[in-house]
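The values are calculated or read from the model by the stated rules, or taken from the named source; none is laboratory data. In this text, all values refer to a predicted model and were calculated from it rather than measured experimentally. Note that each Cβ is placed from the backbone with ideal geometry, even for glycine, and that neighbours are counted across all protein chains shown. The accessibility values were calculated without ligands, DNA or RNA, using every heavy atom of the protein model including side chains. Shrake-Rupley method; radii C 1.70, N 1.55, O 1.52, S 1.80 Å.
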Amino acid sequence: MALPDMLPPAQPAQQHSLLHHDGTRRTVFCTDAEVAFPDGHLIVSRVDTAGLITHANDAFVEMSGYLREQLLGAPHHILRHPDMPRAAFADLWATVGAGRKWHGYVKNLRGDGACYWVYATVVPNVRQGVVAGYTSVRRKPSRAKVAEYTALYAQMRAAEPGAAA
Amino acid sequence: MTLNLLIAPDFAPERFGGWHMLNALLQQRSGLRLHLLMPASAHEQAELLAAGQVDLVYANPFDAAELIRQRGFSAFARPVGKADEMLIAAQAGSALRRVEDLRPGCRVAMADHRDVKLIGLRLLEAADLHEPDLQWQLCDSHQAAARRLIKGEADVAFFLAETFHALSRLTRSQLQVVIESALHDITHVMLAHARVAEQVPTLCATLTGVDSSHSSDREVLEALGMPGGFEAMQAEDAEFMVDLMDTLLD
């Protein structure tokens, strides 16, 4: 499913063209703003086996910068930030596809171009022995982890094929 | 046939009478015979469940996960508007105002309450604090944890949020909230074992029919601290909660 391109935000922003695993491309804009994870909350969403969002709790909707109607039915990569290395998502899908739980630090892109960091856990929803979808729960990461993964992901991005030298 | 109904031992002491009132009301209206089991601790609860005589359980979310996935129980009802939240408090006036103010070696007082501990540990991840980083002080009750905090014998205490808010005004005035969870999707659930599936529709209809718009019912629900009563819960709703709990285990 091809997502519509993001609209340029009012603030200065960098433009990127993201190529998704399903072969679709999307133009996104990133500002320098980071939105703090809401204390005490969990961000919860579910996707079907095709990766399309079927459930979004209020914290997910609020942090995404999109309307609930825009999120439901959209692929979860609507939140993909260009700073995230491809290998992180490849590892996620390989892990949950094998029926296991995945943990990882993720930088998400909001609909307004700002970002937010999460510590994400994804579990397969097994019903009568069959994977019916996936639940993702995001918790607040420490600032030390955000700094560590910012550096690590920058290295991983730089090593990706086609990255600027 | 008498059905054994076990109530998880994490309710506030003042709710004890409410469970007996609800039990009497359910028996009167459903025609079912119910025997209330009210273990005093998680250990006693585990012994009762292991004996295999428990037919119905009002379970906390973490126990519900195991009972549903591994022990043949199914969820059929849950309280309305009563999510299980936890709260971390410090002594009033303490420099500990947010999770990030806590440091390794911090002394944590708490009652024996696995849900509270697990959710609390998830909240402390934002400060890079994990279970071995903390000095745990197990208390007999949430009230005892509050006393320890007030005396300065602990730096923070973990509470079931509902229990903290039910502490006396004087006690709460001597404490300050560091963080309170807002998970929303996690609740206690009423479970039935597969061997009593035939009785569940009657029991569920009776339980969800307890309605605070009737004065006698309102008295029972207020005694339970559940003014919204109970709502029916579908199997998929319970599975969703169990998946969510699974993400919080590590």
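Each Cα pair under 8 Å and six or more residues apart adds its separation to the average, and for region B:4-95 the resulting relative contact order is 37 percent.
Ignoring ligands, DNA and RNA and using a 1.4 Å probe, state the total buried accessible area between B and A in Å², rounded to the nearest 100.
Numbers: alone 11810 and 8920 Å², together 18840 Å².
Counting both chains, the buried surface is close to 1900 Å².
The alpha-carbon atoms of the protein assembly as shown, seen along their principal axes, cover 75, 52, 39 angstrom, with the largest extent given first. Using only Cα coordinates, the Kirkwood hydrodynamic radius of region B:118-178 works out to 12.4 Å. What a 1.4 Å probe finds exposed on region B:127-250 is 49% carbon and sulfur by accessible area, rounded to a whole percent.
What Kirkwood hydrodynamic radius do you get for region B:131-250 when you take the inverse of the mean 1/r over all pairs of distinct Cα atoms, in Å?
On the way: mean 1/r = 0.0559 Å⁻¹.
One over the average 1/r among Cα pairs gives 17.9 Å for region B:131-250.
Taking the C-alpha atoms only, the angle from helix A:143-158 to the longest principal axis of chain A is near 80 degrees. Maximal additional length on extending the B:Val80-B:Asp237 stretch stands at 55.2 nm, based on 0.36 nm per residue less the C-alpha distance. Under the membrane-span-like helix rule (DSSP H runs whose alpha carbons stretch at least 18 Å along the helix axis, mean Kyte-Doolittle hydropathy 0.5 or higher), chain B yields none. Can you list the aspartates and glutamates whose alpha carbon is less than 16 Å from that of B:Lys82, not counting same-chain residues fewer than 8 positions off? Excluding near neighbours in sequence, the set is B:Asp10, B:Asp115, B:Glu162, B:Glu180, B:Asp185, B:Asp211, B:Glu222, B:Glu231, B:Asp237. In region A:104-128, burial by the other protein chains removes 40 Å² or more of 1.4 Å probe accessible surface, compared with the chain on its own, from A:Val123, A:Arg127. With the Cα gyration tensor of region A:4-161 giving a ≥ b ≥ c as the square roots of its eigenvalues, does the rule (a/c under 1.5 for rounded; else a/b larger than b/c for prolate; else oblate) give rounded, prolate or oblate? Cα axes put region A:4-161 in the rounded bin. Quick one: pull the percent of accessible area on chain A belonging to carbon and sulfur, 1.4 Å probe, ligands and nucleic acids left out. Reported share for carbon and sulfur atoms: 56 percent.
Once the partner protein chains are put back, region B:225-250 shows a loss of at least 50 square angstrom of accessible area, versus the chain by itself, at B:Phe240, B:Asp243, B:Thr247, B:Asp250 (probe 1.4 Å, ligands and nucleic acids excluded). Under a straight-distance cross-link criterion of Cα-Cα below 26 Å, which lysines are reachable from A:Lys107, leaving out those fewer than 8 residues away in the same chain? Partners found: A:Lys140, A:Lys145.
Place a +1 charge on the Cβ of each Lys and Arg in the protein assembly as shown and a -1 charge on the Cβ of each Asp and Glu, then give the dipole magnitude about the Cα centre in debye, rounded to the nearest 20. Kindly include the intermediate steps, with their values, before the conclusion.
Details: 38 positive and 49 negative charges, 86 e Å.
Once rounded to the nearest 20, the dipole reads 420 debye.
Work from the charge dipole of chain A (Cβ charges, +1 for Lys and Arg, -1 for Asp and Glu, about the Cα centre) and give the residue of A:Val96, A:Gln128, A:Thr24 farthest towards its positive end. Farthest towards the positive end: A:Gln128. Entry comment: accessible area of chain A is 48 Å² per residue, from protein heavy atoms only and a probe of 1.4 Å. Given the options A:Val44, A:Val130, A:Val106, state which has the largest fluctuation in a GNM of chain A using a 10 Å cut-off (strictly under) for Cα springs. Answer for the Gaussian network model of chain A: A:Val130.
In terms of accessible area, using a 1.4 Å probe and ignoring ligands and nucleic acids, A:Arg86, B:Arg33, A:Arg68 rank largest first as B:Arg33, A:Arg86, A:Arg68. Taking a ≥ b ≥ c as the square roots of the eigenvalues of the alpha carbon gyration tensor, region B:80-153 is rounded, as a/c is under 1.5. Listed by chain and number, the lysines placed with their C-alpha closer than 28 angstrom to that of B:Lys151 are B:Lys117; residues fewer than eight positions away on the same chain are left out. Check each residue of region B:101-138 and keep those whose accessible area, probe 1.4 Å, is at least 50 Å² smaller with all protein chains in place than in the chain alone; give them in order of residue number. Flagged in region B:101-138: B:Glu125, B:Ala126, B:Asp128. Of the whole protein surface, A:Thr49 contributes about 90 Å² of accessible area at a 1.4 Å probe radius.
Can you pull the accessible area of A:Ser17 for me, 1.4 Å probe, Å² to the nearest 10? Ignoring ligands and nucleic acids, A:Ser17 comes out at about 70 Å². Evaluated with a Cβ-only charge set (Lys, Arg +1; Asp, Glu -1), region B:97-141 carries a dipole of roughly 120 debye about its Cα centre, given to the nearest 20. Ligands, DNA and RNA left out, the 1.4 Å accessible surface of region B:1-86 is 52% carbon and sulfur atoms. Distance between the modelled labels on B:Val177 and B:Arg33, one decimal in nanometres: 4.6 nm (7 Å Cα→Cβ projection). Over chain B, accessible surface divided per residue gives 44 Å², non-protein components excluded, 1.4 Å probe. Under the convention that each Lys and Arg Cβ holds +1 and each Asp and Glu Cβ holds -1, the size of the dipole of region B:39-109 around its Cα centre is about 300 debye.
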